Structure formats: C-alpha cells, structure tokens
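Step one of this worksheet: look at the structure below.
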Amino acid sequence: MKIWLLLAIAAVAGCAITGSTTKETPREEHFNYTVLFCGNYPHSVRELPSPLPGNCLEELSSYIGNSERISCALYSLDNGIARALEEKEALVITDSNSKTNSDMAVKRKSTGLMHNKFCVFDGRVVWTGSFNPTSRNSYDDVIIINSTLLANNYLDEFAELKGNSSSKTTTTKIILNNTLTENYFCPEDGCINILQRKLAEAESSIYFAAYSFTHPKIANELIIKSSEGVEIKGIIEKGGEYSQLPLLKSNNLAVEDANKRVLHHKFFIIDGITVITGSFNPTRNGDERNDENMLIIRDEEVARVYLDYFKNLPE
C-alpha cells in the first residue's frame, strides 16, 4: 500500500469476489486505485493511516498537468482548474448554471442538473466521486481507477452528454483483478432502484454519508433492514421539507445531522465489503432528472478505507 500526502490510499490487487459472474463479464488483470478524502479535517481524522489532510484541487491539477488527452464532466469548477484544462485543450462539459468563465467548457442544457464530477485521463484513468473542483471547503471523496474498460464507459457517457443523447450503459460490470466493479449513469440506468437492491442485500451493516437524502424508497429500505437486525449508521447534511432524516430518526436509526462544515459525500458502505460512491444523491432529482454517475466496488480493502474514514467523521 502506498500512503499519499493527500490522505490517499493506493492499492494494487483486490479481495476475492463472493458469488458468480458470467463468462461475458470483461476483465482486466490489475486493480490500481487511489482514494482521496478532501478538505481540512479535525485532529481525530488525522489519526487515520494517512495522517495529513488532502488537497484534491492540487491532486486534480497534477493529473491534468501530466495528461495529454482529457475529458471532464464537472458540475462546477473554479477558474484555475478551467485554465489548466484549457491549456491542455481538454474537452469539458459543465452544468448550464456553472459560473466558470472559460469559453472552452460546453454548458449542458437539460431538464435537470449536469451533476457529474468525473474526468478521464489519456483513455485509461477515471477520476470520480463527490468532489467539485472549487475552493469550497467541504467534506468530499474521490476515487481514481486505472482501467481502460471503466474509462471507456465514462468516455461513452461523455459523448452522450456532449451530443445530448441518452442510452443505457452496455457494460455495467467489470472485473478488475478479482474485484467486481459496477458502473451506472442516471437517469437512464435507474440508479435509485440499483441502490435499493444493493441495500436490500445487506446482511450485517450499512454506513452512509449523504449531502442530500430525500428519496422515501431508500429511507424505507433502511428502516426495513434495521428491523431485520442490520446495523444502520449515517450522517446527512441537507435538511429541508423533503429530508428523510426525521423519518429515519423517528424509527430509531442512528442517523445524525452533519457537522458544521459541509458534508458533500454520497457514499454507502455495505457489510464492510461494498462501497457505492459517485455524484448520485438519493433524491428524486438525482434519479429522474440529473445527469449522474454511480460506481459500486466490491472490495474489502476499499471498504475498509471508507469505513475508517466514516468512523472518524465528526457528527
């Protein structure tokens, strides 16, 4: 394992997959990944294996500077990142309400938000997660995976966004070494149903951190799993009229309001082996209107990294 200066953990390899996969599932020999947790953290978080806070803007800038071909779909970005991308003649799509001053970025106009936060570097490295590359000081996570197969999925989605088209993801499952990775894009792939199915499979625990949690289907699934004896713990940032936080708390689930800083994550950890992350919040807009991406990784080491981080998040 390589300890990064930016509260990052990189690993090569994965744990064995339980269950079966079909022969048609595409495979790559290696699982090379890096996890970044972004922002300025209190002392308790610095006790993690990687002891220093992360600067995801600097890390993204490094990837941009060291790459030749770049495609990014970013909900918002600051002007410094925009200039770096422009210097590399990158292909960039942002939301129509993005405040970036760059003429290079194509602003996607649709019924919902272009809410993705992903980049593909040189056709083989995928950067995704909850992080918008701005100076906003929020709690975020990024996962970077070196995989041509996964990169192809994101490049296909990028082409759809650029062309204002939409179709279901054709290769949703990829095996990287022995790690099963699933990849979906919303609204075309029905992310809320996928999330519900994954939660329904939980046998021992579900931990989550969510910026916005308003979808009753996911709240009800968590209540059901709690009644079955599955341990549920969560932190939710955003309140409001449709927040499911009061319902979850009234059913005695260990779900809390977020701390003083903005918690912008969108991740779930299931049974200490599966991580779900990306740009997707469990909301109706996230499922039905916005352009989103979801990444599901079944790997004990990745799950441990997220779980260690989650347990140290201040409530």
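So that you can scan it fast, the table gives a plain yes or no per residue for (1) crowded, with 23+ Cβ neighbours inside 10 Å; (2) out of contact with any Leu (no Cβ under 8 Å at 6 or more places or on another chain):
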residue: 269; (1), (2): yes, no
residue: 284; (1), (2): no, yes
residue: 289; (1), (2): no, no
residue: 293; (1), (2): yes, yes
residue: 302; (1), (2): yes, yes
residue: 305; (1), (2): yes, yes
residue: 309; (1), (2): yes, no
residue: 313; (1), (2): no, no
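Taking residue 234, is it small (Gly, Ala, Ser), touching a strand residue (DSSP E or B) at 6+ places or on another chain (Cβ under 9 Å) and at pLDDT 95 or above?
The answer is yes for residue 234.
One line per residue, one yes/no per condition, for (1) surrounded by fewer than 20 Cβ atoms within 10 Å (Cβ to Cβ); (2) over 18 Å from the mean Cα position of the chain (by Cα); (3) at pLDDT 95 or above:
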site: 170; (1), (2), (3): yes, yes, no
site: 181; (1), (2), (3): no, no, yes
site: 184; (1), (2), (3): no, no, yes
site: 194; (1), (2), (3): yes, no, yes
site: 199; (1), (2), (3): no, no, yes
site: 206; (1), (2), (3): no, no, yes
site: 209; (1), (2), (3): no, no, yes
site: 218; (1), (2), (3): no, no, yes
site: 224; (1), (2), (3): yes, yes, yes
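Between a first residue in segment 275-290 that is touching a residue at least 24 places away in the same chain (Cβ under 8 Å) and within 16 Å of residue 74 (Cβ to Cβ) and a second residue that is part of a strand (DSSP E or B) and of a type in the set (Ser, Thr, Tyr), which pairs have beta carbons less than 9 Å apart while being 6 or more apart in sequence or on different chains?
278/128; 278/184; 279/128; 280/184
With the requirement that a residue be part of a loop (DSSP other than H, G, I, E, B) and either β-branched (Val, Ile, Thr) or modelled with pLDDT under 60 (or both), what does segment 111-121 give you?
Within segment 111-121, 111 is the sole residue that qualifies.
State all residues of segment 207-233 that are closer than 26 Å to residue 291 by Cβ and of a type in the set (Val, Ile, Thr); if no residue qualifies, say none.
Of everything in segment 207-233, those that are closer than 26 Å to residue 291 by Cβ and of a type in the set (Val, Ile, Thr) turn out to be 214, 218.
Filter segment 237-274 down to residues that are at pLDDT 90 or above and β-branched (Val, Ile, Thr) and give me whichever is nearest to residue 311 (Cα to Cα).
Applying the filter and picking the extreme gives 269.
Conditions: (1) in contact with a strand residue (DSSP E or B) (Cβ under 6 Å, 6 or more places away or on another chain); (2) at negative phi. Residue 278 meets all but one. Number of the miss?
Result: residue 278 passes all but (2).
Restricting attention to segment 226-245, which residues are surrounded by 15 or more Cβ atoms within 10 Å (Cβ to Cβ), of a type in the set (Ser, Thr, Tyr) and assigned to a loop (DSSP other than H, G, I, E, B)?
243
May I ask you to list the residues in segment 246-270 that are farther than 24 Å from residue 137 by Cβ and in a loop (DSSP other than H, G, I, E, B)?
Answer for segment 246-270, where residues must be farther than 24 Å from residue 137 by Cβ and in a loop (DSSP other than H, G, I, E, B): 251, 252, 253.
Suppose we keep only residues that are assigned to a strand (DSSP E or B) and among the charged types (D, E, K, R) within segment 122-150. Which one would you say is farthest from the chain's Cα centre (by Cα)?
140
The values are calculated or read from the model by the stated rules, or taken from the named source; none is laboratory data. Note that the structure is predicted; figures quoted are calculated from it, not measured. When we count neighbours, we look across all protein chains shown, and the Cβ atoms used for this are built from the backbone with ideal geometry, even at glycine.
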